[in-house]
Amino acid sequence: KETKDQLVIDAGQKYFGATMCKSCGMIYSASNPEDEMQHAQYHHRFLEGIKYTGWKRERVVAEFWDGKILLVLPRDPSYAIRKVTDVQELVDYELGFQQVVPKCPEKTKTFLFVSDDKRVVGCLIAEPIKQAFRVLSEPTGPESSGSKENSRAWQCSNVPEHAVCGISRLWVFKLKRRKRIARRLVDTLRNCFMFGCFLSINEIAFSDPTQDGKLFATKYCNT
Ligand code: ACO
Ligand code: ZN
């Protein structure tokens, strides 16, 4: 658990206050034994979860100067599926998701961005869909204007639109964000989701986007 918002009084002790771990990205207070213990646990689990030792067979779908993107399909060997499960668990923990069972697991495509230092630093999980509802950036209608509860929740159109591919998870390791990893994952997805065609922006949809997800999607869809 992160303690980002915890208020501390710096009374001059050497290790007082919040620190961000340079390996796992957790922010914790080194002066608090409970915090330190939570960090030790998270640190170990996180680094084990994202470690990529290399597989006998891997499906490389894109290569870059700082890493590569692997595609994992439901019938792949158990070592690949296990890694996807581990990464998804970390992602869901970070996103605060309950276990969500994908609607058609046999059609799920998982893209992992593996960095040069052999870690899974990005993950995109996609599944086929038939329709999606557009997120409306501004609350519309008289019933929502001026209402505080409504202003922070996304408003969705109730007109279904044709779509092909739903992104159910998109995640980049905290310390690797803003390096275009998410962008490269979505580009690769569009290229690989359906054989022989490049999906248009309108054919992909983000399910239940977070604040980060919405900021990314807005930027991605306009460029
Ligand atoms: N705030 C503002 N703009 C952003 C942000 C942000 N937090 N993140 C991305 N953007 C915009 C920027 O314009 C960025 O370009 P720039 O860096 O040149 O300005 C552009 O999007 C491309 O960003 P990337 O570098 O490709 O995105 P990144 O690799 O950092 O990953 C992501 C974005 C996946 C949303 C990451 O912040 C993350 O993992 N967040 C936590 C998990 C999460 O919320 N995921 C989305 C859930 S929604 C879903 O899963 C369907
Ligand atoms: Zn750590």
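The values are calculated or read from the model by the stated rules, or taken from the named source; none is laboratory data. As the structure is a prediction and not an experimental result, all values here were calculated from the model. Note that we place each Cβ from the backbone using ideal geometry, even for glycine, and neighbour counts take in every protein chain shown.
Please identify the pairs in which a residue from the stretch 198-220 that is closer than 22 Å to residue 173 by Cβ has its Cβ atom under 7 Å from the Cβ atom of a residue that is part of a loop (DSSP other than H, G, I, E, B), counting only partners at least 6 apart or on another chain. The qualifying pairs are 217/209. Of the strands (runs of 3 or more DSSP E) that lie entirely inside the stretch 152-223, those containing 1 or more residues that are in contact with a helix residue (DSSP H, G or I) (Cβ under 8 Å, 6 or more places away or on another chain) and among the charged types (D, E, K, R) span 155-162, 165-172. Figure legend. Inter-residue proximity from the stretch 11-27: first residues under 11 Å from residue 39 (Cα atoms) and more than 9 Å from ligand 2 (Cβ to nearest atom), second residues modelled with pLDDT under 60 and not hydrophobic (A, V, I, L, M, F, W, C), beta-carbon distance below 8 Å, spacing 6+ or different chains. Indicated pairs: 27/2; 27/3; 27/4.
Can you confirm whether residue 72 is modelled with pLDDT of 95 or more and β-branched (Val, Ile, Thr)? When the stated conditions are applied, residue 72 passes them.
May I ask you to say which residue of 215, 189, 185, 175 is of a type in the set (A, V, I, L, M), under 25 Å from residue 94 (Cα atoms) and within 16 Å of ligand 2 (Cβ to nearest atom)?
Numbers: 215 fails: within 16 Å of ligand 2 (Cβ to nearest atom); 189 fails: within 16 Å of ligand 2 (Cβ to nearest atom); 185 fails: within 16 Å of ligand 2 (Cβ to nearest atom).
When all the criteria are applied, what remains is 175.
What's the number of the only condition in (1) β-branched (Val, Ile, Thr); (2) crowded, with 17+ Cβ neighbours inside 10 Å; (3) within 23 Å of residue 180 (Cα to Cα) that residue 129 fails to meet? Exception for residue 129: condition (3).
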